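Since the structure comes first, as structure tokens, the remarks are kept for the end.
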Amino acid sequence: MTVRKAWVIAGVAVGSALSFVMLLVVGVYVVAGNLVNGVGGGTKALAKGSVPAAYSAIVQKWGNLCSAINPALLAAQLYQESGFNPNAKSAAAAEGIAQFIPGTWATHGIDGNGDGVKNVWDPQDAIPSAASYDCKLASYVKDVPGNLTENMLASYNAGAYAVIKYGGVPPYSETRNYVKTITTLEESFAAPVTRVDPSKQAAGAIYYAQRKLGTPYLWGGNGTAADNGRFDCSGLTKAAYESVGVTLPRVANDQYNAGPHPKRDELLPGDLVFFSDDLTDSRAIRHVGIYVGGGYMIDAPRTGAVIRFDPIDTPDYFGATRVTEDGAKALPTTV
């Protein structure tokens, strides 16, 4: 939603630009169609910058507390609960970065940093406590058939008794949705260990963005009639993916968690590319565009400019996301 300095490719007419992009998309997707390996396996190390630098080391450490969790899963829970906000407080009186309610904190909170105080508002205590609580729940259901991590997450939502009673994830829609949400979000915090599958909707999203080339920028613009069809950066990417049935959050830093993160040399057309002045924290992302290949994206750059092609290889390049339907659906509505 925020702006970023960029330059215009001089002399590129819209007509020739469309031809260039379509050839690029077709060529890349012929190759991409042969890619069969998605995210899976490995140690689930954190993706670059996916967790704010202040918490990255502690999430990496405590995410390996037991076999039922991993750093990316722990990060997904913290993001779902608070968006990494150590001062978060819910209407249900859940508190801190891990959103413990007072009764649960009294029983399961630990002094993670060894200063003699268990403080729910201190991430150095709350993050270890979240990991410890997960592992405690896993120990309760370790003999239940099925996937231990899924059973642990189900216990977090519905209680260990329900998991034991039903011999696995209980048949509650809320609980099953919670398990799917966290395990899907996990992929957006994990550094991929294999090449990421191409997005099914990418070509359609690019096609939408192409048709908006030359449209004036509007901060906060969503392309509606009230906006005279104008967009800001994240408004454009949201509308592009909405045109193919994928609903993204409104702002750029939340869109970063809509799927796994391909490396720079693995980008495919349709990937979202992100930019930030702080390359250690995805929550500081301030600009997004849609990659079209050849080192370029379509983006809505700033007030006074139009939707255009811009290079992505700039000092503020943060990383990329390959949007998935499940990834977008798993994102919390507010973080």
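The values are calculated or read from the model by the stated rules, or taken from the named source; none is laboratory data. A quick note: this is a predicted structure, and the numbers were derived from the prediction, not measured. Because the Cβ atoms are built from the backbone with ideal geometry, glycine has one as well, and the counts that use them run over all protein chains shown. Keep in mind that these areas ignore ligands, DNA and RNA; they rest on the heavy atoms of the full protein, side chains included. Shrake-Rupley method; radii C 1.70, N 1.55, O 1.52, S 1.80 Å.
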Give me the distance in nm between label points sitting 7 Å out from Cα along the Cα-to-Cβ direction at Ser173 and Ala284, one decimal.
-> 4.2
Once you put a point 7 Å from the Cα of Cys135 and another 7 Å from the Cα of Tyr161, both along the Cβ direction, what distance in nm separates them?
-> 2.7
Of the heavy-atom accessible surface of the chain (probe 1.4 angstrom), what whole percent is carbon and sulfur?
-> 55
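Going through the cross-link list Lys142/Lys165; Lys118/Lys142; Lys200/Lys329, which pairs have a Cα-Cα distance over 18 Å in this structure?
Details: Lys142/Lys165 13 Å; Lys118/Lys142 28 Å; Lys200/Lys329 15 Å.
In this structure, Lys118/Lys142 lie more than 18 Å apart at Cα.
State the extension gain, in nm to one decimal, for the chain segment bounded by Ala54 and Arg195, taking 0.36 nm per residue of separation less the distance between their alpha-carbons.
Details: separation 141, 0.36 × 141 = 50.76 nm, distance 2.86 nm.
That works out to 47.9 nm of additional length.
Enter the accessible area per residue of the chain (Å², integer; probe 1.4 Å; all protein chains in place).
43
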List the lysines whose Cα lies under 17 Å from the Cα of Lys263, skipping any in the same chain that are fewer than 8 positions away.
-> Lys44, Lys48
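What's the extension gain from Lys89 to Ala226 if we count 0.36 nm per residue and subtract their Cα-Cα distance? It would help to have the intermediate numbers written out before the result.
Values: separation 137, 0.36 × 137 = 49.32 nm, distance 3.49 nm.
45.8 nm is the gain from fully extending Lys89 to Ala226.
Excluding Ala72 itself, calculate the net charge of residues whose Cβ lies under 11 Å from the Cβ of Ala72, where each Lys or Arg counts +1 and each Asp or Glu counts -1. Working shown, then result.
Working: positive: Lys44; negative: Glu186, Glu187.
Within the 11 Å Cβ shell, the charges total -1.
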Pick out the long, greasy-scoring helices in the chain: whole DSSP H runs spanning 20 Å or more along their own axis by Cα, mean Kyte-Doolittle at least 1.6.
-> 14-32
